[in-house]
Amino acid sequence: MTETDPTSGVNDPTVIRVVDFLPHEPAVVWRALTTPELLAQWLMPNDFAPIMGHRFTFRTDPIPATRFSGIIACEVLEVREPEQLVISWADESPENDMKTTVTFRLEAYDGGTRLSLVQAGFRADHPGDQMARKIMGGGWGGHMFRRLAEVAAEAHGVAREV
C-alpha cells in the first residue's frame, strides 16, 4: 500500500515523500528502476543508464498551460545498487526553471522491498513549482508505484495480482 507522507504537503511544501511495499526482493525492484525498457513501461520513455554523471531525458506529452515541455532533463547523481538511486529532475525548457532531485531508496523488508521516494527542491513560494508538486505527488503516490510493481512482477515472471 502506497503512503504519501501527509507532512510533505502540510509542513514542507518543498518535498514529496512516498513510501510503498513491493512484494519483490530489492534486486527485482532495482532492475525495474534502472533498465531503460522497464523504466519506460512504468514511468516514461528514456535514455537512462545507471552510471554516475550520465545525462538522460524522460519524454512525455507537453502541458502548455503549466509551461511543461514534455522533456525532463536528468542526471544520475548517485548509484548504490540495489539500495539507492538519486537523479536530478528539471524541465528542459528555459521557460520552466523548476529543478528538483528524486531519490529512490530500496530496503529489504518482510520478504519484499520497502521503496521510498523523495522528490526535493520545490520552491515553496513558486506557484509553478507547487502546481508541479501537487501533480507529481499524486502520480508518484497514485499510479506510478502501482505500475512499477506490475512491471517488476512481469519482468520477474510473477503472475500479476489484482
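When A149 is tested against (1) under 21 Å from V15 (Cα atoms); (2) in contact (Cβ under 8 Å) with a residue 60 or more places away in the chain; (3) buried (at least 18 other Cβ atoms within 10 Å of the Cβ), only condition (1) is not met. Restricting attention to the range 122-141 and to residues that are within 23 Å of P64 (Cβ to Cβ) and among the small types (G, A, S), the residue that is farthest from the chain's Cα centre (by Cα) turns out to be G128.
Results for (1) out of contact with any Lys or Arg (no Cβ under 6 Å at 6 or more places or on another chain); (2) of a type outside the set (D, E, K, R), shown as yes or no for each residue.
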site: R80; (1), (2): yes, no
site: A90; (1), (2): no, yes
site: D97; (1), (2): yes, no
site: A108; (1), (2): yes, yes
site: G137; (1), (2): yes, yes
site: G142; (1), (2): yes, yes
site: A152; (1), (2): yes, yes
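Checked against (1) open to solvent by 70 Å² or more (accessible area, probe 1.4 Å); (2) under 28 Å from Q130 (Cβ atoms), G111 meets all criteria but (2).
Does the range 11-30 hold any residues that are within 19 Å of R80 (Cβ to Cβ) and surrounded by 16 or more Cβ atoms within 10 Å (Cβ to Cβ), and which are they? Explain how you work it out, then say what you get.
Within the range 11-30, the subset within 19 Å of R80 (Cβ to Cβ) is 19, 22, 24-30.
Residues satisfying the conditions are V19, L22, H24, E25, P26, V28, V29, W30.
Just to be sure before I move on: is T113 under 15 Å from A149 (Cα atoms), outside any loop (DSSP other than H, G, I, E, B), out of contact with any Gly (no Cβ under 7 Å at 6 or more places or on another chain) and at pLDDT 95 or above in the structure I sent? Before the answer, list the steps.
Details: under 15 Å from A149 (Cα atoms): yes; outside any loop (DSSP other than H, G, I, E, B): yes; out of contact with any Gly (no Cβ under 7 Å at 6 or more places or on another chain): yes; at pLDDT 95 or above: yes.
Yes.
So which residues in the range 116-145 are assigned to a helix (DSSP H, G or I) and in contact with a strand residue (DSSP E or B) (Cβ under 7 Å, 6 or more places away or on another chain), if there are any at all? Talk me through it step by step, then tell me what you get.
Let us first name the residues in the range 116-145 that are assigned to a helix (DSSP H, G or I), namely 127-145.
Those that are assigned to a helix (DSSP H, G or I) and in contact with a strand residue (DSSP E or B) (Cβ under 7 Å, 6 or more places away or on another chain): R133, M136, G137, W140, G141, F145.
The values are calculated or read from the model by the stated rules, or taken from the named source; none is laboratory data. None of the values given here were measured: they were computed from a predicted structure. All Cβ positions, glycine included, derive from the backbone under ideal geometry; neighbour counts span all protein chains shown. Heads up: the accessible areas ignore ligands, DNA and RNA and are worked out on the full protein's heavy atoms, side chains in. Shrake-Rupley method; radii C 1.70, N 1.55, O 1.52, S 1.80 Å.
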